[in-house]
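Notes to accompany the following structure.
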Amino acid sequence: SIYCPQSMVGRIIGKGGETIKGLQAQSGAHVAIDQNVVEGEPRKINISGAAKCVEMAANLVENLLLGTGPGSGLLIAPGQISKLLECPKEAVGKLIGRGGETIRGIQMATGAKLQIDQTRQPCQVVMAGSEACVAACVQVVQEIIDGGSTAIFNEYARGGSGFAGQGAYGAAPQQQVGW
């Protein structure tokens with residue numbers, strides 16, 4: 001068992017349980033968080049399974065809690081890479097966008113996962129995915145940090161083509177068959 005501060009439970013569970021499911025898939029162990037404790041008290045993370053699986057899951061959980069290891073909290077599947085980019089605090093809001101719209105659009109357009117660690121100075125942008133997706137994401141994030149427009153990514157996040165039907169950023173255009 002590992003004890004987790006209440007404030008960090010969200011990092012372990014992830015959006016829609018995505019992170020905890022990824023931990024389980026990557027390690028082969030079962031990971032459960034006991035939330036039946038007094039408000040403000042640390043939560044107990046129970047890890048069960050084969051010894052090697054439990055050890056791997058424990059290491060992944062520790063890395064998530066500490067913000068260390070590959071991806072600093074982004075789970076990286078085999079064959080994927082992660083890159084780190086420093087970001088001035090004043091550019092973080094522009095990267096995230098209203099209600100997370102810009103960061104969602106960047107992820108949709110490039111195919112890379114993106115997280116911003118605002119606890120460090122300067123802030124760190126962690127990108128993970130296939131090499132091509134991460135390369136496209138690095139380029140986009142750097143352009144935005146350097147003052148580039150986010151409009152195209154906001155449009156993409158709202159369900160628009162964003163790229164005039166060109167497909168994902170850096171991806172080959174898909175052939176469309178009309179009636």
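The values are calculated or read from the model by the stated rules, or taken from the named source; none is laboratory data. None of these values were measured; they are calculated from a predicted model. Note that each Cβ is placed from the backbone with ideal geometry, even for glycine, and that neighbours are counted across all protein chains shown. Surface areas here come from the heavy atoms of the whole protein model, side chains and all, with no ligands, DNA or RNA. Shrake-Rupley method; radii C 1.70, N 1.55, O 1.52, S 1.80 Å.
Quickly run through segment 39-53 and pick out the residues that are surrounded by 11 or more Cβ atoms within 10 Å (Cβ to Cβ), without any contact (Cβ under 8 Å) to a residue 40 or more places away in the chain and of a type in the set (A, V, I, L, M, F, W, C). Across segment 39-53, the qualifying residues are ALA50, CYS53. The residues listed here are VAL125, VAL134; of these, the one that is in a strand (DSSP E or B), of a type outside the set (Asp, Glu), modelled with pLDDT of 85 or more and open to solvent by less than 20 Å² (accessible area, probe 1.4 Å) is VAL125.
Across segment 78-106, which residue is least open to solvent (accessible area, probe 1.4 Å) among those that are on the phi > 0 side of the Ramachandran plot and part of a helix (DSSP H, G or I)? So the residue we want is GLY100. So, MET56, is that one closer than 20 Å to THR119 by Cβ and surrounded by 12 or more Cβ atoms within 10 Å (Cβ to Cβ) or not? Criteria not met by MET56.
Contact map, segment 119-130: residues that are closer than 19 Å to THR19 by Cα paired with residues that are charged (D, E, K, R) and open to solvent by less than 30 Å² (accessible area, probe 1.4 Å), Cβ distance under 7 Å, separation 6+ or inter-chain. Pairs shown: VAL126/ASP117. Restricting attention to segment 17-38, the residues being open to solvent by less than 70 Å² (accessible area, probe 1.4 Å), outside any strand (DSSP E or B) and more than 12 Å from VAL61 (Cα to Cα) number 3. Listed by first and then second residue, the pairs with beta-carbon distance under 9 Å, at least 6 apart or on different chains, first residue in segment 143-163 and under 11 Å from GLY105 (Cα atoms), second of a type in the set (Ser, Thr, Tyr) and at pLDDT 85 or above, are THR150/THR102; PHE153/THR102; ASN154/THR102; ALA157/THR102. Remark: ALA109 falls outside the filter, which requires a residue to be surrounded by fewer than 17 Cβ atoms within 10 Å (Cβ to Cβ), of a type in the set (A, V, I, L, M, F, W, C) and modelled with pLDDT of 85 or more.
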